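Q: The structure that follows is given in the form of C-alpha cells.
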Amino acid sequence: MIKGIKGVKDILPEETPRWRFIEETARRWAGRYGFQEVRIPIFEVTALFARSIGASTDIVEKEMYTFPDRDGTSLTLRPEGTAGTVRAFVEHNRASDPLPQKYYYLGPMFRHERPQAGRLRQFHQFGVEFFGTEDPRADVEVISLLWGLLSDLVLPDLTLEMNSLGSSTDRAAYLPVLVSFLKGRLNRLCANCQRRIETNPLRVLDCKVPECRAATEDAPELLSHISSEARQHFQQVLDGLAALGISHRLNPRLVRGLDYYCLTAFEITSSHLGAQNAVGAGGRYDGLVEALGGPKTPAVGFAVGLERVSLMLPDRSLPPGIPPVYVAAFGPEGGPAGIRLLEELRRAGISAVTDYRSTTLKAHLRQADRAGSRYTILLGDDEARRGSVVVRNMDTKAQSDVSFADISRSLLSQISPS
Ligand code: ATP
Ligand code: MG
C-alpha cells in the first residue's frame, strides 16, 4: 500500500463540513471589511521567498520544499501567502491603480517541519493584505477582522498580543544592544540561538526553549528603543483597539520571524492549543513591496492557521447539516418511477439519495437510517400506478400520501433546499 506523506493530511467527508464552515466564515468576514479574494499560485521561484521572507529565518533556512524545474530553475512550494500576493501586486502593476487595495487569500501552504498536533507539512492559511496606507487605523482594521472572525467561531481563551518592532533604523540601532546582551548569556542559550546571534538575533527572543526564555528574561526591550514616531504609531493602534473594545497584552518578545515586518506586530494565541499556541499572526511590512521591485507601498496583514482554528472550533459552532431525502423505490414499475423522482427532486434543489442494491422495503429503510434521512419516500408498483408516493417521517414514523405532482413542493416546504 502506498501511504500519504507524513504531516500531509486527508480531510475526509466527516470533516469537510467543519472546513467549509471555517472557510465560508473567513470569506464572509473578509467581505465585510472590503477585502477581495486573490488566488496566487502554489509554487513560485525560490528567489521570491528567499528575498521576501529573509534568508536567516526558520522558513527559508530549513522549512521550504524546494526542487529544480526541468530547466534547472529553483522552485518552491509556497510556505506562506504574503510573498506571492505582493509579487502579484507588483507584477500586475496594481500600485498604479487607486489605493488602498485589500486582498485576502485562502489555501494550502507547505513547510518541512516536525509534524505534531497543529503543526503539519501541508497546512492551510487564511490571510489578508491591506496595501497603501500607513494609517494606524488600517492596523486596527485587520486586527479587528481577525479578532471578529475568531470570536464569531467561538474559539476559547483567545489573547491578542501586541508589540512594535519600530522602523528598520530603530531595529538597526537596537540590534547591537541586544547582541551584546546575548553574548553575555551565550552559554545559557540553545545551539540554535547561539547561531541566531550571528544570523537573526531578534529571533532569540522568540525561542520556545525554556532555558533560552529564562536567559533572556531581562533582555533589553526593543519597545524601549523605538523612535517617537514609531511609538506614536503604536499608541494610536492600541488606542484604536481599545475604542473597539478589543483588549490586548503587551508582549515585548513578540518578534516576527520574517524580515519584512516593521512597526506593529501581533499574534493571537490560545491556551487551548498547548505548545503550538499561535492561532494567527501578522503585522506591518511597509518595505516589502519596494523590496520586490514595486513602488514604495505601506502594507499590513495577517495569516491565520486553519488547522489550529479547526482544533479549537467547538462542535456547537457548526450549523446543522441538511440530511438528504431517501427514495425507497422497488418493483418493476416503482423502480423506474423512483429513478425519475430522484432526478426531479435533485432538479428542484433537494438532496436525494437511494441505494440501487436494495430491493426490499426493509433494506431501503436501513439505508435511509444510515444516510440520516428525516424523510423517506416509499414508491412501489402500487404507488407508481396510482401516481402518488408515501412520505415517511423517519422520526415520528408518520406516513402520508402525496401525489407525484406535489412531491417536490411538499418536501421543499418541510426542508430547506440544499
Ligand atoms: P509557529 O511559531 O507556530 O511556527 P510561525 O511564526 O511559523 O508559527 P506564521 O508564519 O506566522 O507562523 O504563520 C501564521 C499561522 O499559520 C500560525 O500562527 C499558525 O496558526 C499557522 N501555521 C504556521 N506553520 C504551521 C504548520 N506547520 N502547521 C499548521 N499551522 C501552521
Ligand atoms: Mg514556524
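Q: Would you please name the residue that is most open to solvent (accessible area, probe 1.4 Å), looking only at residues in the range 113-161 that are within 16 Å of ligand 2 (Cβ to nearest atom) and touching a Pro at 6+ places or on another chain (Cβ under 9 Å)?
A: Among residues in the range 113-161 that are within 16 Å of ligand 2 (Cβ to nearest atom) and touching a Pro at 6+ places or on another chain (Cβ under 9 Å), the one most open to solvent (accessible area, probe 1.4 Å) is Gln122.
Q: Would you point out which residue out of Leu254, Leu182 is within 16 Å of ligand 2 (Cβ to nearest atom), open to solvent by less than 20 Å² (accessible area, probe 1.4 Å) and not aromatic (Phe, Trp, Tyr)?
A: Of the residues listed, the single one that is within 16 Å of ligand 2 (Cβ to nearest atom), open to solvent by less than 20 Å² (accessible area, probe 1.4 Å) and not aromatic (Phe, Trp, Tyr) is Leu254.
Q: If we scan the range 300-321, do we find a residue that is surrounded by 23 or more Cβ atoms within 10 Å (Cβ to Cβ), more than 13 Å from the chain's Cα centre (by Cα) and within 16 Å of ligand 1 (Cβ to nearest atom)?
A: Yes, the range 300-321 contains at least one residue that is surrounded by 23 or more Cβ atoms within 10 Å (Cβ to Cβ), more than 13 Å from the chain's Cα centre (by Cα) and within 16 Å of ligand 1 (Cβ to nearest atom).
Q: What single numbered condition from (1) open to solvent by 20 Å² or more (accessible area, probe 1.4 Å); (2) under 22 Å from Gly331 (Cβ atoms) fails to hold for Gly380?
A: Going through the list (1) open to solvent by 20 Å² or more (accessible area, probe 1.4 Å); (2) under 22 Å from Gly331 (Cβ atoms), Gly380 breaks only (1).
Q: Return the pair list, or none, for Cβ contacts closer than 6 Å from residues in the range 297-308 that are among the basic types (Lys, Arg) to residues that are at pLDDT 95 or above and within 16 Å of ligand 2 (Cβ to nearest atom), at least 6 apart or on different chains.
A: Arg308/Val279
Q: Given the conditions (1) of a type in the set (Lys, Arg); (2) away from ligand 1 (no atom under 16 Å from the Cβ); (3) part of a loop (DSSP other than H, G, I, E, B); (4) more than 16 Å from Tyr105 (Cβ to Cβ), report the number of the one that Arg39 does not fulfil.
A: (4)
Q: Test Thr359 against the stated conditions and say whether it is open to solvent by 20 Å² or more (accessible area, probe 1.4 Å) and outside any helix (DSSP H, G or I).
A: Taking the combined requirement at face value, the residue satisfies it.
Q: When you scan the range 7-20, do you find a residue that is open to solvent by 100 Å² or more (accessible area, probe 1.4 Å) and within 16 Å of ligand 1 (Cβ to nearest atom), even just one?
A: Yes, some residue in the range 7-20 is open to solvent by 100 Å² or more (accessible area, probe 1.4 Å) and within 16 Å of ligand 1 (Cβ to nearest atom).
Q: Has the range 97-112 got at least one residue that is open to solvent by 40 Å² or more (accessible area, probe 1.4 Å), within 16 Å of ligand 2 (Cβ to nearest atom), over 17 Å from the mean Cα position of the chain (by Cα) and not hydrophobic (A, V, I, L, M, F, W, C)?
A: So far as the range 97-112 goes, yes, one or more of its residues are open to solvent by 40 Å² or more (accessible area, probe 1.4 Å), within 16 Å of ligand 2 (Cβ to nearest atom), over 17 Å from the mean Cα position of the chain (by Cα) and not hydrophobic (A, V, I, L, M, F, W, C).
Q: Let me ask something additional. Is it the case, given these coordinates, that Glu24 is in a helix (DSSP H, G or I), within 16 Å of ligand 2 (Cβ to nearest atom) and under 22 Å from Gly118 (Cα atoms)?
A: No.
Q: Filter the range 195-210 down to the residues that are touching a helix residue (DSSP H, G or I) at 6+ places or on another chain (Cβ under 6 Å) and not in a loop (DSSP other than H, G, I, E, B), then identify the one that is farthest from ligand 2 (Cβ to nearest atom).
A: Among them, the one singled out is Ile197.
The values are calculated or read from the model by the stated rules, or taken from the named source; none is laboratory data. Not measured: the values here are computed from a predicted model. Methodologically, a virtual Cβ is constructed for each residue, glycine included, from the backbone with ideal geometry; neighbour enumeration extends over all protein chains shown. Quick note on the areas: whole protein, heavy atoms, side chains included, nothing else; ligands and nucleic acids left out. Shrake-Rupley method; radii C 1.70, N 1.55, O 1.52, S 1.80 Å.
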